[in-house]
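A quick write-up on the structure given underneath.
The values are calculated or read from the model by the stated rules, or taken from the named source; none is laboratory data. No experiment lies behind these values; they were computed from the predicted model shown. Cβ placement follows ideal geometry from the backbone for every residue including glycine, while neighbour counts extend to all protein chains displayed.
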Amino acid sequence: MRLTRRDLLVSTAAAALAGTRPDVSSAQEQPKRGGTLSVHLPGEQRILNPAIRASTGVYIVTSKIVESLVDLGADGKPTPVLATSWEATPDGKTVTFKLREGVNWHDGKPFTSADVQYTALELWKKYLNYGTQLQQYLDAVDTPDEHTAVFRYARPMPLPLLLRALADLGYIAPRHVFEGTNVLENPANTAPIGTGPFKFVQYERGQFIIAERNPNYWRKDFPYLDKIVWRVIADKSAASAALETGQIQLSTYSALSLADYDRLKKDARFDVSSRGIEANAFNNTLEFNVRRKELSDVRVRRAIVHAIDVPFFIENFLYGRGKPATGPIPSSSPAFYPGGEVPYAHDLKKAEALLDEAGYKRGADGIRFALKIVPIQNGEDVPLLATYIQQSLSKIGIKIDIVNLDIAGALSAVYRDWNFDLATGWHQYRGDPAVSTTVWYRSGSPKGAPWTNQWGWQSDAVDKLIDDAASELDTEKRKLLYADWVKVINEELPIWMVTERQFVAATSKQLQNHHISPRWDSSDWHDTWIS
Amino acid sequence: MRFLLFAIRRLAASVPTLLIVLAGLFMLLQFAPGDTVDALVAQMGGGDSAMMEQLRKYYGLDATATVQLVRYLTRLVQLDLGFSAIYGKPVIDVILERLPATLLLMASSLSFAFAGGLVLGVLAARRVNQWPDGVISTIGAIFYATPAFWLGLMGIIIFAVNLRLLPAGGLEEIGAGHTGLRRAVDIVWHLALPTATLGLIFLATYLRIMRASMLEVMTLDFVRTARAKGLAKATVLRRHVLRNALLPMVTLVGLQAGTMLGGSVVVESVFALPGLGRLAYEAVVQRDLNTLLGIVFVSALLVICVNFLVDILYARLDPRIAN
């Protein structure tokens with residue numbers, strides 16, 4: 001770790017330059033064909049089939065091999081991939097997709113509407129997480145010809161919602177490989193066959209996954225890269241070392257430690273940024289179990305929120321990456337973000353007053369009551385926030401015990417056994433509140449479903465707003481419904497969105513055309529190249 | 001023939017131990033909150049309860065714990081370790097894939113620690129209480145007190161990031177397509193840092209044992225006799241002292257073979273090596289019962305084998321034990 005002052009000056013100057021004049025050099029250079037891109041894979045994936053598993057860990061590999069009907073373009077709007085155009089009837093119950101012609105699966109068979117029909121009805125509707133919910137009113141997919149798929153819904157489906165969701169939940173699997181087999185045991189789940197720019201080659205468990213250039217890709221003369229290698233590196237510090245030695249060129253979705261991102265930010269060889277990952281925003285959360293008498297009182301919930309200094313937490317624990325949330329819809333989602341202020345600012349006096357008013361006076365030992373908090377450890381900052389909450393609440397006389405479990409244990413404790421008073425983890429916002437956000441507030445979710453409303457809290461008004469918005473076809477009206485919904489939520493505070501954050505990626509500057517669309521890490525990388 | 005009988009007796013004696021360990025571990029994991037479906041859903045970032053029920057059925061988790069245990073033991077008797085939930089293939093395949101890396105790392109670092117400890121221990125004993133002894137003992141204590149992950153990371157930062165001499169991790173260069181000797185050299189090059197990390201931590205123990213046992217043997221009567229009959233100092237050390245002082249070292253190897261399997265979780269994670277330790281860790285986090293029980297089973301077999309070899313070695317070093 002020897003660093004001379006000269007090195008430091010040179011690198012900061014270069015970083016400053018790179019910051020002010022982005023990609024000047026790359027814009028002038030001709031894209032170069034060839035080369036191998038090595039990517040960090042923080043954990044083992046059980047299944048490499050995005051048509052039955054929706055998660056960034058699956059997309060980061062499979063979106064190069066398997067393709068979706070649509071993706072998000074640089075402007076954040078849906079762009080054609082396997083679907084070339086789409087149209088909805090005025091009643092919103094029928095959506096017609098025209099499909100791309102002349103596309104072949106990696107095994108040589110042609111891609112047709114039969115593949116779309118099979119995938120939608122047999123995989124998305126039955127197995128895909130979030131897909132089962134999104135497609136619950138999908139009755140049938142008609143295939144009038146080989147390149148037309150007509151989705152028929154029992155209830156109106158807003159087209160913008162469907163398209164935005166399909167960027168993640170619209171990957172198509174080959175019917176001829178899956179039909180008539182046990183879907184969960186199909187070998188193509190770990191050796192994917194798709195239509196994408198790269199063909200699957202090898203998955204060596206615990207070590208690496210390799211995909212190579214598909215010479216017959218439908219986008220002529222693409223992709224540029226010859227090969228992509230994903231290296232499994234579980235240890236965060238080892239992964240940053242691999243990045244620094246050039247063993248990998250990309251680590252994304254906040255897979256490195258925040259301290260390392262902060263350090264690599266100053267290194268001229270890397271871009272450290274949230275650009276190109278905007279489509280996946282997330283929040284730190286605080287869940288209240290309102291079955292607990294004290295927490296059923298909204299004044300107590302508000303007091304707890306007033307007691308926590310969020311800007312301080314962000315500055316000192318998150319290296320300034322993030323901002324206090326103003327509600328469940330993040331500001332990075334302009335289509336739905338209603339604006340507004342942070343609902344309950346840091347104010348210890350007010351917190352104490354609210355608790356006194358609710359009738360929970362301090363006892364002889366200064367303690368009003370005790371609660372236990374279960375951290376759901378999605379990321380390194382979750383236990384930090386739990387500790388920070390513990391310390392903050394001790395100031396207003398609430399004693400907190402932290403229950404440490406690993407993530408499987410925490411999920412079952414909170415969502416299956418309801419064995420918690422407070423819980424803290426991450427909420428992921430996936431572009432539209434109806435995809436994975438409103439389930440945190442809608443009542444009626446079966447016991448045990450993780451990341452849904454299991455807080456014992458219910459509101460008819462909120463349920464109605466959620467249902468109305470999910471099937472409202474008018475985009476403006478839909479946005480207004482969600483604005484009303486956010487207002488009620490902030491008033492009632494069944495859970496609290498503490499921060500609003502984005503994932504971070506560290507990318508080697510050798511990589512060109514990177515992070516150019518809002519979900520770039522989960523896109524197909526057909527035009528990415530190495531200089 | 002006598003060895004074979006001895007081997008069979010040893011193996012038979014370890015069967016009850018194995019059963020108790022496996023059943024105990026099974027019970028322990030039942031107490032851990034959450035099952036493999038919870039872990040899977042955590043990894044996916046969400047899932048509805050119908051899908052989760054379907055998966056529980058698929059993994060056979062809808063039965064009671066007793067039924068699951070009986071099922072497992074019945075399969076085990078037929079030498080079937082079951083199906084891994086994380087990897088979607090038979091546990092035995094998963095373990096066999098990982099075994100070579102673990103064995104390689106274990107064997108190389110154990111040899112390194114043993115050889116280094118032996119040499120340094122003898123050196124320290126020869127110059128007891130002089131400065132070489134002081135230096136060697138201090139260095140040994142420092143490595144002994146250093147956590148493995150820190151030592152590994154510092155090794156990476158110095159030798160891979162700064163000096164660029166060695167690779168930062170992995171078992172071999174991916175997709176390079178090396179074969180034969182070239183591949184062997186590549187693997188050695190990749191294993192240098194992890195071997196040093198794991199070996200240095202154990203080195204201190206060997207060093208101290210060797211030093212103490214040398215010092216003790218040197219005061220024994222037969223050494224004085226050897227010296228009295230006019231043998232050179234080096235010959236006395238090599239032929240008379242060393243051989244007798246080695247016995248406790250060999251005992252330690254047998255004991256530490258098990259520790260090394262566990263200790264390599266950290267080293268395997270830091271150096272991204274596909275070994276059994278990391279597999280075990282992953283299996284616990286993902287609540288993959290079959291894989292975890294399979295690893296315990298195989299590790300126990302490994303430890304039994306190593307200890308068996310140690311017993312044979314004893315007999316070679318000291319013929320009195322064989323009789």
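So in region A:53-71, with the set limited to residues that are within 14 Å of chain B (Cβ to nearest Cβ), at pLDDT 90 or above and in contact with a helix residue (DSSP H, G or I) (Cβ under 7 Å, 6 or more places away or on another chain), which one is surrounded by the most Cβ atoms within 10 Å (Cβ to Cβ)?
Ranking the qualifying residues of region A:53-71, first place goes to A:Y59.
Taking A:G76, is it under 18 Å from the mean Cα position of the chain (by Cα) and either of a type in the set (A, V, I, L, M) or within 10 Å of chain B (Cβ to nearest Cβ) (or both)?
Criteria not met by A:G76.
Take A:I233 and decide whether it is within 22 Å of A:S68 (Cβ to Cβ) and buried (at least 21 other Cβ atoms within 10 Å of the Cβ).
no
Pick from region A:196-224 the residues that are away from every other protein chain (no Cβ under 13 Å) and more than 19 Å from A:W105 (Cβ to Cβ): which of them is surrounded by the most Cβ atoms within 10 Å (Cβ to Cβ)?
The selected residue is A:Y224.
Taking the options A:L161, A:L169, name whichever one is over 23 Å from B:G88 (Cβ atoms), buried (at least 19 other Cβ atoms within 10 Å of the Cβ) and in contact with a helix residue (DSSP H, G or I) (Cβ under 7 Å, 6 or more places away or on another chain).
After ruling out the rest, the residue left standing is A:L161.
Going by the structure shown, is A:T62 of a type in the set (S, T, Y) and farther than 30 Å from A:E44 by Cα?
In short, no.
Going through region A:234-250 one residue at a time, which ones are touching a Phe, Trp or Tyr at 6+ places or on another chain (Cβ under 9 Å) and closer than 19 Å to A:E380 by Cβ?
Selection gives A:A234, A:D235, A:S237, A:A238, A:S240, A:L243.
Which pairs do you get when a residue that is away from every other protein chain (no Cβ under 13 Å) and among the small types (G, A, S), found in region A:415-438, comes within reach of a residue that is assigned to a strand (DSSP E or B) and surrounded by 24 or more Cβ atoms within 10 Å (Cβ to Cβ), reach meaning Cβ atoms under 7 angstrom, with the pair 6+ apart or on two chains?
Close Cβ pairs (under 7 Å, with a partner that is assigned to a strand (DSSP E or B) and surrounded by 24 or more Cβ atoms within 10 Å (Cβ to Cβ)) amount to A:A423/A:E287; A:A423/A:V374.
Go through (1) within 13 Å of chain B (Cβ to nearest Cβ); (2) touching a Leu at 6+ places or on another chain (Cβ under 9 Å) and name the single condition A:Y253 misses.
The number of the failed condition is (2).
Listed residues A:A167, A:A173; which is more than 30 Å from A:A242 (Cα to Cα) and either outside any loop (DSSP other than H, G, I, E, B) or within 13 Å of another protein chain (Cβ to nearest Cβ) (or both)?
A:A167
Of the conditions (1) within 11 Å of chain B (Cβ to nearest Cβ); (2) in contact (Cβ under 8 Å) with a residue 12 or more places away in the chain, A:A241 fails just one. Which one is it?
(2)
Tell me yes or no: at least one residue of region B:14-33 is part of a loop (DSSP other than H, G, I, E, B), surrounded by fewer than 16 Cβ atoms within 10 Å (Cβ to Cβ) and either touching a residue at least 40 places away in the same chain (Cβ under 8 Å) or within 12 Å of chain A (Cβ to nearest Cβ) (or both).
There is at least one residue in region B:14-33 that is part of a loop (DSSP other than H, G, I, E, B), surrounded by fewer than 16 Cβ atoms within 10 Å (Cβ to Cβ) and either touching a residue at least 40 places away in the same chain (Cβ under 8 Å) or within 12 Å of chain A (Cβ to nearest Cβ) (or both).
Within 14 Å of chain A (Cβ to nearest Cβ), in contact (Cβ under 8 Å) with a residue 24 or more places away in the chain and closer than 30 Å to B:T74 by Cα - does that describe any residue in region B:264-275?
Yes, that holds for at least one residue.
Can you name the residue in region A:194-231 that is part of a loop (DSSP other than H, G, I, E, B) and basic (K, R) and is also farthest from A:I530 (Cα to Cα) among such residues?
A:R205
Is there a residue in region A:374-393 that is assigned to a strand (DSSP E or B) and within 14 Å of chain B (Cβ to nearest Cβ)?
Yes, some residue in region A:374-393 is assigned to a strand (DSSP E or B) and within 14 Å of chain B (Cβ to nearest Cβ).
What number of residues within region A:290-301 satisfy the criterion of being touching a helix residue (DSSP H, G or I) at 6+ places or on another chain (Cβ under 6 Å) and within 18 Å of A:T452 (Cα to Cα)?
Number satisfying all stated conditions: 1.
Test B:D48 against the stated conditions and say whether it is under 16 Å from A:G409 (Cα atoms) and surrounded by 15 or more Cβ atoms within 10 Å (Cβ to Cβ).
Taking the combined requirement at face value, the residue does not satisfy it.
Among the candidates A:P338, A:P324, single out the residue that is closer than 30 Å to A:R275 by Cβ, touching a helix residue (DSSP H, G or I) at 6+ places or on another chain (Cβ under 6 Å), surrounded by 19 or more Cβ atoms within 10 Å (Cβ to Cβ) and of a type outside the set (G, A, S).
Going through A:P338, A:P324 in turn, the sole match is A:P324.
Please indicate, with yes or no, whether at least one residue in region B:284-299 is among the acidic types (D, E) and part of a helix (DSSP H, G or I).
no
I need the full set of residues from region A:376-410 which are under 17 Å from A:F288 (Cβ atoms) and without any contact (Cβ under 8 Å) to a residue 60 or more places away in the chain, in order please.
A:I376, A:A386, A:Q390, A:K399, A:I400, A:D401, A:I402, A:V403, A:A410
What are the residues in region B:151-166 that are in contact with a Leu (Cβ under 9 Å, 6 or more places away or on another chain), without any contact (Cβ under 8 Å) to a residue 60 or more places away in the chain and within 7 Å of chain A (Cβ to nearest Cβ), if any?
Correct list: B:A160 only.
Which residues, taken from region B:53-73, are in a loop (DSSP other than H, G, I, E, B) and within 14 Å of chain A (Cβ to nearest Cβ)?
B:Y59, B:G60, B:L61, B:D62
Check B:I209 against each of (1) surrounded by 15 or more Cβ atoms within 10 Å (Cβ to Cβ); (2) more than 17 Å from B:R127 (Cα to Cα); (3) away from chain A (no Cβ under 14 Å) and name the one condition it does not meet.
The failed condition is (2).
Could you check how many residues of region A:327-349 are within 21 Å of the chain's Cα centre (by Cα) and within 25 Å of A:I400 (Cβ to Cβ)?
Qualifying residue count for the region: 2.
Of B:L81, B:L76, B:L105, which residue is assigned to a helix (DSSP H, G or I), more than 14 Å from chain A (Cβ to nearest Cβ), surrounded by 14 or more Cβ atoms within 10 Å (Cβ to Cβ) and touching a residue at least 40 places away in the same chain (Cβ under 8 Å)?
Of B:L81, B:L76, B:L105, the one residue that is assigned to a helix (DSSP H, G or I), more than 14 Å from chain A (Cβ to nearest Cβ), surrounded by 14 or more Cβ atoms within 10 Å (Cβ to Cβ) and touching a residue at least 40 places away in the same chain (Cβ under 8 Å) is B:L76.
Please state which one of A:L264, A:L286, A:L250 is crowded, with 23+ Cβ neighbours inside 10 Å and touching a strand residue (DSSP E or B) at 6+ places or on another chain (Cβ under 6 Å).
Being crowded, with 23+ Cβ neighbours inside 10 Å and touching a strand residue (DSSP E or B) at 6+ places or on another chain (Cβ under 6 Å) holds for just one of A:L264, A:L286, A:L250, which is A:L250.
Checking B:V236 against (1) more than 11 Å from chain A (Cβ to nearest Cβ); (2) surrounded by fewer than 19 Cβ atoms within 10 Å (Cβ to Cβ); (3) free of Cβ contacts under 8 Å to residues at least 40 places away in the same chain, only one condition comes out false. Which one?
(2)
Residues to consider are B:A257, B:A184, B:A196; find the one that is modelled with pLDDT of 85 or more, surrounded by 14 or more Cβ atoms within 10 Å (Cβ to Cβ) and not in a loop (DSSP other than H, G, I, E, B).
None of the others qualify; the one that does is B:A196.
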